[in-house]
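Trainee: This is the structure I want to talk about, given as structure tokens.
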Amino acid sequence: MAFEAPNFDLTEMDLDGSGIVIRVEGEIHATTAPAFSEQLNDAIARGRNRIVLDLTGVEFIDSTGLSVLLNGLRRVTRVRGAMLIACANPTVLRLFEITKLDSTFEILPSCDEAIARMGQLAAD
């Protein structure tokens, strides 16, 4: 019995010297979280300490995905950076609320708004 590959895609877009947008589409769960974690950790290791995670295309996230987000936030905070999340999916936003992570992460409704906010943080 063959299983269908999960709906999942990752892309990056440079903002400037230390900024990056990582766009995630599809589902973040036990099968896809390792690739997401690797890309996020690689960006931080390359000196990207201002990270916008564009989750506007994410349909589902489980506890494994939340763990990737928390570990990424911890790593970027250690290097005095910032990580913002763009998300508008009510189901995903509800998960952040239920887990109280909406008070841990700064979540904005669009990638453009998150990029603008990151620019404000960089100017401070």
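The values are calculated or read from the model by the stated rules, or taken from the named source; none is laboratory data. On a predicted model such as this, the values are computed, not experimentally measured, just so you know. Because the Cβ atoms are built from the backbone with ideal geometry, glycine has one as well, and the counts that use them run over all protein chains shown. Surface accessibility is based on the protein's heavy atoms, side chains included, excluding ligands, DNA and RNA. Shrake-Rupley method; radii C 1.70, N 1.55, O 1.52, S 1.80 Å.
Trainee: Apply 1/(1 + (r/R0)^6) to the Cβ-Cβ distance of Arg117 and Ala5, taking R0 = 25 Å, and write down the FRET efficiency to the nearest 0.05.
Mentor: According to the calculation, E is roughly 0.15.
Trainee: Here is a follow-up. Assign unit charges at the C-beta atoms only (+1 for Lys and Arg, -1 for Asp and Glu), then state the dipole size of region 1-76 relative to its Cα centre in Debye, rounded to the nearest 20. All intermediate terms of the calculation are to be shown ahead of the outcome.
Mentor: Working: 6 positive and 12 negative charges, 97 e Å.
Rounded to the nearest 20 debye, it is 460 debye.
Trainee: Using 10 Å bins from zero, what percent of all Cα-Cα pairs in region 1-68 falls into each bin?
Mentor: Per 10 Å bin, starting at 0, the Cα pair percentages come out as 21, 51, 23, 4, 1.
Trainee: Report, in whole Å, the centroid distance computed from the Cα atoms of region 1-54 and region 70-124.
Mentor: Region 1-54 and region 70-124 have Cα centres spaced 14 Å from each other.
Trainee: Would you mind checking the tilt of helix 33-45 against the longest principal axis of the Cα atoms of the chain, expressed as 0 to 90 degrees and rounded to 10?
Mentor: Helix 33-45 sits at roughly 20 degrees to that axis.
Trainee: Accessible area per residue for the chain in Å², computed with a 1.4 Å probe and the full protein assembly in place, what is it?
Mentor: Working: 6640 Å² over 124 residues.
With the other protein chains kept in place, the chain gives 54 Å² per residue.
Trainee: A further question follows. Indicate, rounded to the nearest 5 percent, the antiparallel portion of the DSSP beta bridges found entirely in the chain.
Mentor: Of those bridges, close to 30 percent are antiparallel.
Trainee: First compute the accessible area of the chain with a 1.4 Å probe, then give the percent of it belonging to carbon and sulfur atoms.
Mentor: 51 percent
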